[in-house]
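Here the structure comes first, spelled out in structure tokens, and everything after it is commentary.
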């Protein structure tokens with residue numbers, strides 16, 4: 001503990017709230033830091049896996065941040081990455097087993113990408129950059145904030161990809177069947193856009209989101 | 001002419017910067033420069049004095065495309081009437097095709113120019129002429145019966161993602177027309193590939209023995225069948241003399257395919273015109289042709305199936321190879337800029353085009369993908385060409 005008198009901060013002080021709001025826009029893990037892109041491309045074909053993925057990452061990141069923060073003074077500096085990996089791997093196994101038990105279909109859709117949460121750069125990034133240097137409550141807020149920033153983008157991308165690519169939302173058809181072009185009866189005028197089912201389109205959608213965000217939030221534009 | 005000039009003069013205050021309708025300024029400017037010679041002068045000293053500007057370049061390319069376009073119109077009409085077993089005069093076929101083609105062209109221009117005008121207004125610059133050519137190329141590489149809104153969506157995507165995000169005309173990494181086609185191909189494969197989309201058969205029963213497949217589609221069915229057996233003989237008979245896809249038919253363009261891509265002869269004519277006018281690069285065309293020829297030749301040596309065994313020259317007459325060579329690969333913005341780079345770029349584009357087409361029959365239009373791929377690689381090629389040049393000259397200095 002430092003010797004100077006520290007003012008006690010309330011749990012939801014302005015600084016703490018900023019931990020949540022910052023990664024949502026100004027410091028978004030996907031659109032600003034460009035982390036966690038692989039999963040954003042891979043599991044955003046449908047909305048449901050994207051939501052489950054966001055929740056899983058939220059659990060792993062928040063819990064992991066707290067654990068790392070609690071033991072931050074015990075971890076020898078030279079082996080800290082290994083310790084972080086052990087923590088995140090244990091949490092990911094928990095999530096994986098939980099999904100297999102209670103949401104088997106989604107678990108199958110997510111396949112390796114649950115396991116790959118371990119390698120999601122956002123998680124190691126937050127451990128390194130934040131949890132190692134801050135108290136558990138702040139680390140918790142930071143974990144929640146970053147996973148919301150990640151989840152919002154993931155869900156937005158998945159929303160457009162499922163709507164335009166498959167014509168459904170959460171598996172429920174939202175585009176009337178009568179709109180679809182029917183070669184036999186010659187009716188209808190609409191067709192799903194198959195390009196949205198391919199990962200490149202996720203990249204383009206993320207790009208468009210970045211474009212829209214920077215058009216609104218001008219402080220993100222780099223000087224060159 | 002005074003009358004037209006008056007209209008432009010009168011409406012100008014409305015669309016100028018503080019005018020009420022300044023969103024229309026780019027459109028006003030575009031129409032005015034189309035009707036009259038622009039009176040702009042360069043602000044700083046001119047380094048090169050030449051009568052050619054972007055507009056004249058673009059119009060030259062359009063002239064080069066006209067023969068293939070007119071032929072394409074006639075060809076869709078001819079195939080249509082042949083498919084439903086009707087006799088039709090040359091003019092009837094042509095009119096049928098022209099009526100099919102006109103909405104396609106209109107929709108493409110409207111969609112593409114809409115995006116361009118919006119961005120010109122936002123970015124305060126006049127509309128560039130770049131879209132004049134893309135807007136005519138796009139309908140020429142679409143199948144005849146594609147729904148118009150799909151063309152519009154693809155065009156908007158191409159102009160937006162292929163061009164405007166990089167900064168507009170002259171800054172684009174990818175060829176916008178091919179971007180539109182690639183988008184349509186992946187987004188709406190049912191309307192862009194297969195054997196149902198290339199010939200319009202509405203308004204009648206198809207005749208016996210009708211097939212709507214393209215030459216490449218038929219060739220793709222021979223992959224995996226080996227050489228010289230009864231299963232492939234029927235297909236390959238069409239590629240011999242007198243068949244549907246004989247060398248002569250493919251060269252003249254009497255085969256099904258995207259609207260403007262079929263006639264190698266007229267495309268080459270356009271290509272010659274481009275080379276003669278100095279607008280298209282003969283280096284790209286020549287090396288593109290050689291690249292395709294070498295790859296097809298290599299396949300021919302191994303020839304484990306009929307697709308590979310096809311005569312290399314015949315192979316190059318099919319599909320979009322010729323069209324890609326003359327009108328797509330030569331796009332001065334997305335191609336390599338250095339002279340040596342042009343040879344490398346063209347050669348690899350043709351080489352990969354044939355390779356994709358033969359190795360993956362699901363992508364009969366490998367040319368499109370190969371050119372887009374080489375578009376992306378072009379800056380890299382240029383970089384190494386420039387570096388090599390610097391190294392060579394540095395050596396010369398060191399020796400002296």
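Here, each number is a calculation from the coordinates, and none is a lab measurement. Note that the structure is a prediction, hence the values are computed from the model and not measured. Here Cβ is always computed from backbone atoms with ideal geometry, including for glycine, and neighbour counts include all displayed protein chains.
General observations
- Residue among A:79, A:204, A:175 with the largest mean-square fluctuation in a Gaussian network model of chain A, springs linking Cα atoms under 10 Å: A:79
- Rounded tilt (10° steps) of B:264-277 against the dominant C-alpha axis of chain B: 30
- Protection-proxy order for peptides B:68-78, B:143-153, each taking the mean of Cβ atoms within 10 Å per residue, highest first: B:68-78, B:143-153
- Inter-chain Cβ neighbour count for B:332-345, averaged per residue, equals 0 (cutoff 10 Å, partner chain atoms only).
- Averaged over residues, the count of other Cβ atoms within 10 Å places the peptides B:60-66, B:167-173 in the sequence B:60-66, B:167-173, highest first.
- Per-residue packing, averaged as other Cβ atoms within 10 Å, sorts the ranges A:122-129, B:254-261 into the order B:254-261, A:122-129, beginning with the highest.
- Judged by the gyration tensor of its Cα atoms, with axes a ≥ b ≥ c, chain B is oblate; a/c meets the 1.5 cut and b/c is at least as large as a/b.
- Computed from Cα atoms, the angle from the helix B:25-35 axis to the main principal axis of chain B rounds to 80 degrees.
- Exposure proxy shown here: for A:83, B:376, the number of other Cβ atoms within 10 Å sets the order, fewest to most, as B:376, A:83.
- Across peptide A:189-201, the average count of Cβ atoms from other chains found within 10 Å of a residue's Cβ is 4.
- Sorted ascending by nearby beta carbons within 10 Å, beginning with the fewest, B:33, B:330, A:31 become B:33, A:31, B:330.
- Helix A:80-102 vs. chain A, principal-axis angle (Cα, 0 to 90°, nearest 10): 40
- For the peptide B:141-151, the mean number of other protein chain Cβ atoms found within 10 angstrom of a residue's Cβ is 1.
- As a proxy for reagent exposure, ranking A:59, B:289, B:8, B:36 by other Cβ atoms within 10 Å from fewest up yields B:36, B:8, A:59, B:289.
- Between residue B:298 and residue B:340, residue separation times 0.36 nm minus the direct Cα-Cα distance comes to 12.7 nm.
- Label-zone membership for region B:102-142, site residue B:8, 7 angstrom Cα→C-beta point, backbone N under 17 Å: B:126-129
- The Cα atoms of the protein assembly as shown give a gyration tensor whose axes a ≥ b ≥ c have a/c of 1.5 or more with a/b greater than b/c, which makes the shape prolate.
- Cα gyration tensor category, rounded, prolate or oblate, for region A:72-224 with a/c compared to 1.5: oblate
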